[in-house]
Amino acid sequence: MYGESLVKLMLALDVMDEKKAILIAKETSEYVDSIKIGYPLVLATGLNIIDKIKESTNKEVICDFKVADIPSTNEKIAELTLNHADGIICQGFVGSDSVSAILNVARAKNKKVIVVTEMSHPGATEYLQNVAEDMAKMADRLKVDGIVAPSTRPERLKEIKSIAKDAFVISPGVGAQGGNLSDVLNVLNENDYVIIGRAIYENENPKNAAKKYKIQM
Ligand code: XMP
């Protein structure tokens, strides 16, 4: 039914209205493998939105909070988030103790930790890019579940993926940020996810948009 690479589709559901979020999540769920929500939706509606999306779609929900604090604060954020979500995204630049604090909470709850390496936006080349390989090495050493790496720079995506070799990759940048899907599919495999947000939820027909991407994958 779908393309040959079988890379998974993660919907970035950054709308700020509960009804709209649930409607789009339900409408697109046939073509979506995982749903990522972040501050826009959770600050607008509360953490219970996670349970509501899970109930209405049966999909895993990953919280993109890009947690970046000292270990004891990271631990509290992870505890609250992972009482609802299936996984949490944290920043790697805060260091291995901060990431480990989240991993400890996640392991006890059988949930996933995904570490940001190089981000997909232009500003990521100013600072983050210089240490992205080091963060990928840390992710590999700590045996985190997944890493975030950019679809806007497929050559960097390939390099970072080759370092954190046992982690799955979730990769934003296709669609609104201009990343090219076929270039990205040459790098990713069936354990990995392409993240797409605005190009789906801002489309007048989100279901068709999700289908359009999924059948190419
Ligand atoms: P769009 O609308 O651009 O949404 O398709 C992309 C989604 O991914 C998030 N994003 C990132 N998350 N590292 C991350 O952890 C990144 O480099 C990155 N770039 C984009 C963005 O917040 C949105 O939810």
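Structure above, values below:
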quantity	calculated
In sequence order, calculated HN-Hα J values of the range 78-83 (Karplus, 6.51, -1.76, 1.60; Hz; x Gly/Pro)	5, 4, 5, 5, 7, 5
Among G197, S56, I89 - extreme Cα towards positive end, dipole of the chain, charges at beta-carbon	S56
Sequence-distant residues sharing a close amide H with G197 (under 5 Å, placed H)	A12, A176
log10 of Debye I(q)/I(0), alpha-carbon scatterers only, for the range 58-217 at 0.17 Å⁻¹	-1.00
Those aspartates and glutamates that a straight Cα-Cα span of less than 15 Å connects to K76, excepting residues fewer than 8 apart in one chain	D97
Most mobile listed residue (K54, K143, K19) in the chain, GNM with C-alpha springs under 10 Å	K19
Amide H contacts under 5 Å for N203, placed H, 5+ residues apart	none
Spatial separation of Cα centroids for the range 146-212 and the range 45-67, in angstrom	20 Å
Per-residue HN-Hα couplings for the range 104-110 [Karplus 6.51, -1.76, 1.60; θ = phi - 60°; Hz; x = Gly/Pro]	4, 5, 5, 4, 5, 9, 6
Magnitude of the charge dipole, the chain, Cβ model with Lys/Arg +1 and Asp/Glu -1, debye to 20	320 debye
Hits among aspartates and glutamates - C-alpha to C-alpha of K212 under 16 Å, sequence gap 8 or more where chains match	E4, E27, E30, D33, E202, E204
Whole-Hz couplings from phi, Karplus 6.51/-1.76/1.60, listed for the range 65-74; x for Gly and Pro	9, 6, 4, 8, 10, 5, x, 5, 6, 4
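Bear in mind these aren't lab numbers, they're just calculated from the coordinates by the rules spelled out. Since this is a predicted model, take the numbers as computed values, not measurements. Quick reminder, even Gly has a Cβ in these numbers, built from the backbone with ideal geometry, and neighbours come from all protein chains shown.
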